[in-house]
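Single-structure report; data block below.
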Amino acid sequence: MAVTDNLWKQKFAADIFVGKFYSVEFNVDGIKYSYQFKLWNGYSGKSFVLVKENSKIIRRLHAGDVFNMKYHSINSNSPSELIDTEITDITRENNGRFKGHYLVNLCPITTAL
């Protein structure tokens with residue numbers, strides 16, 4: 001039951017962010033500058049970012065990593081929000097629309113749930 005509850009909480013947390021933010025920005029140890037990515041919403045309701053396969057940052061990202069990401073709101077009157085976010089999966093796309101990129105799935109971690 002605890003696993004099911006945890007999965008439900010993760011899905012609920014992800015659903016809160018769909019359509020609220022347009023990009024995320026974060027820093028990775030060993031890289032001088034922060035990276036900002038457009039936030040995509042997948043068919044399953046999961047949020048992801050696209051990273052070019054030759055980007056320096058991709059070698060430093062792993063499923064299970066947690067970063068404090070700055071989410072930029074769609075509404076320009078709303079402030080950006082810092083949210084701990086877990087990378088849940090990284091998939092290389094060899095065909096189709098995102099060929100030459102990695103899809104990096106994100107799951108915001110909320111302690112209020």
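The values are calculated or read from the model by the stated rules, or taken from the named source; none is laboratory data. The shown structure was predicted, so the numbers you read here are calculated from the model rather than taken from an experiment. Backbone-built Cβ (ideal geometry, glycine too); neighbour counts: all protein chains shown.
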### Query
For the range 63-113, how many residues are among the polar types (S, T, N, Q), touching a His at 6+ places or on another chain (Cβ under 8 Å) and either surrounded by fewer than 13 Cβ atoms within 10 Å (Cβ to Cβ) or assigned to a strand (DSSP E or B) (or both)?
0
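Do we have K32 as in a strand (DSSP E or B) and among the charged types (D, E, K, R) here?
Considered against the rule, which asks whether it is in a strand (DSSP E or B) and among the charged types (D, E, K, R), K32 comes out as no.
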### Query
So which of V18, V66 is under 17 Å from P108 (Cα atoms), at pLDDT below 95 and in contact with a strand residue (DSSP E or B) (Cβ under 7 Å, 6 or more places away or on another chain)?
V18
#### Entry: Candidate set from the range 35-61 (those that are within 13 Å of the chain's Cα centre (by Cα), part of a loop (DSSP other than H, G, I, E, B) and modelled with pLDDT of 85 or more); member that is farthest from N94 (Cα to Cα)
L39
